[in-house]
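Beneath this line is the structure, given in structure tokens, with notes to follow.
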Amino acid sequence: MKADVGAGTAEAPHSLMDRIADVREQLAATCRSVGRDPSSVRLIGVTKAQPRDDVVAAVEAGLGDIAENYVQEARSKYAGIAGARKHFIGHVQTNKAKAIVELFDVVQSIDRIDAGRAIARVSRRLGRSPKTLVQVNISPTERYGIAPDEAHGFATQLRDDGLDVDGVMAIGPVTQDRRAIVAAFQAAARAFERVGGTTLSLGMSDDWREAIACGSTMVRLGTALFGARPPISGGGEVP
Ligand SMILES: *Cc1c(COP(=O)(O)O)cnc(C)c1O
């Protein structure tokens, strides 16, 4: 994580509540600096590898949206946590579709037709209608996702299958080249325009400023909020 993000969160001198407030202030300032209304960007807390107590504390401190990459981890960690919207941001394995629909309100990572169909089928059966996003691939360092040019056709197929597709999610390239990050985010923003919906989920701890400048409506922050992730100990799934 870079020192200019989260202003001192790497040292973590203050409490989780202070960090959430700090991050909210920085998000708002960045929105205003690019002429956007701060209320147009939603903050999601990415809780992977973080202890449940911190998640509970963050939700009590007013964090209304939390996200996990791993079904197994969410199952124990999110049990009994009410009052927060839960987002799935990991790779959708079709044999986990039922657990995903049971555990999460939003599935951000629909990256292929099999995954979409599995989520649609299980949702119908369970009488649930999770919001979903098309995961678009904008990075040579990212394994999953639909090519930006194919996102619109893909979203149409998903909607025909009955999914509530509300926009696009993407993971930025892992690079320090800020212009490459902006170019990638612009490609995601163009895909979002064609897909439609209300949500462009772009931006993590190292690149949320560029994401906001490129129109993100949802930033997914882990380390900037919770501090460095402790190493995953046992039972970790392959993403
Ligand atoms: C881990 C993760 C995040 C958060 O990453 P940080 O760099 O800790 O903010 C956001 N989105 C996805 C899909 C992730 O896997």
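Say a paramagnetic label sat at a point 7 Å from the Cα of Arg124, along Cα to Cβ; which residues of the stretch 69-112 have their backbone N under 12 Å from it? Of the residues in the stretch 69-112, none has backbone N under 12 Å from the label point off Arg124. Lys131 sits with roughly 80 Å² accessible to a 1.4 Å probe, with DNA, RNA and ligands left out of the calculation.
Per residue, the average separation of C-alpha pairs within less than 8 Å and at least 6 apart gives the stretch 16-226 a relative contact order of 20 percent. Distance from the alpha carbon centroid of the stretch 165-236 to that of the stretch 21-89 works out to 14 angstrom. Given the DSSP H assignment, sum -39500 (n - 2.57) over each helix run of at least 4 residues in the chain and divide by its residue total; what's the result at 222 nm in deg cm²/dmol, nearest 500? After summing the helix terms and dividing by the residues of the chain, the value is -11500 deg cm²/dmol. For the residues Glu60, Glu68, Glu73, a 1.4 Å probe over the protein chains yields an accessible-area ranking, largest first, of Glu60, Glu73, Glu68. Once Rg and the Kirkwood radius are both taken over the C-alpha atoms of the stretch 123-205, their ratio Rg/Rh works out to 1.02. Available extension along the chain between Arg143 and Gln72 is 23.4 nm, counting 0.36 nm per residue and deducting the alpha carbon span. Considering the chain, its Cα convex hull presents a mean projected area of 12.1 nm². Dipole magnitude for the chain: computed about the Cα centre from +1 point charges on Lys and Arg Cβ and -1 point charges on Asp and Glu Cβ, it is near 520 debye. The residue among Ile113, Gln72, Ile171 whose Cα reaches farthest toward the positive pole of the charge dipole of the chain, with charges on the beta-carbon of Lys, Arg, Asp and Glu, is Ile113.
Of the complete DSSP H runs in the chain, those spanning 15 angstrom or more by Cα along the long axis with a mean Kyte-Doolittle score not below -1.0 are 16-33, 113-126, 178-195.
Dimensions of the stretch 25-110 from C-alpha coordinates, computed as largest minus smallest value along each principal axis and given longest first, are 44, 29, 20 Å.
Whenever you get a sec, compute what percent of the accessible area on the stretch 16-226 sits on carbon and sulfur atoms (1.4 Å probe). Before the final figure, lay out the partial values.
Numbers: 4270 of 8830 Å².
Carbon and sulfur: 48 percent of the exposed surface of the stretch 16-226.
Here the extension length gained between Ser33 and Ala228 equals 67.4 nm, from 0.36 nm per residue of separation less the Cα-Cα distance.
The values are calculated or read from the model by the stated rules, or taken from the named source; none is laboratory data. Note that this is a predicted model, so its numbers are computed, not measured. Reconstructed Cβ throughout: ideal geometry from the backbone, glycine too, with neighbour counts over all protein chains shown. Only protein heavy atoms, including side chains, enter the accessible area calculation; ligands, DNA and RNA are left aside. Shrake-Rupley method; radii C 1.70, N 1.55, O 1.52, S 1.80 Å.
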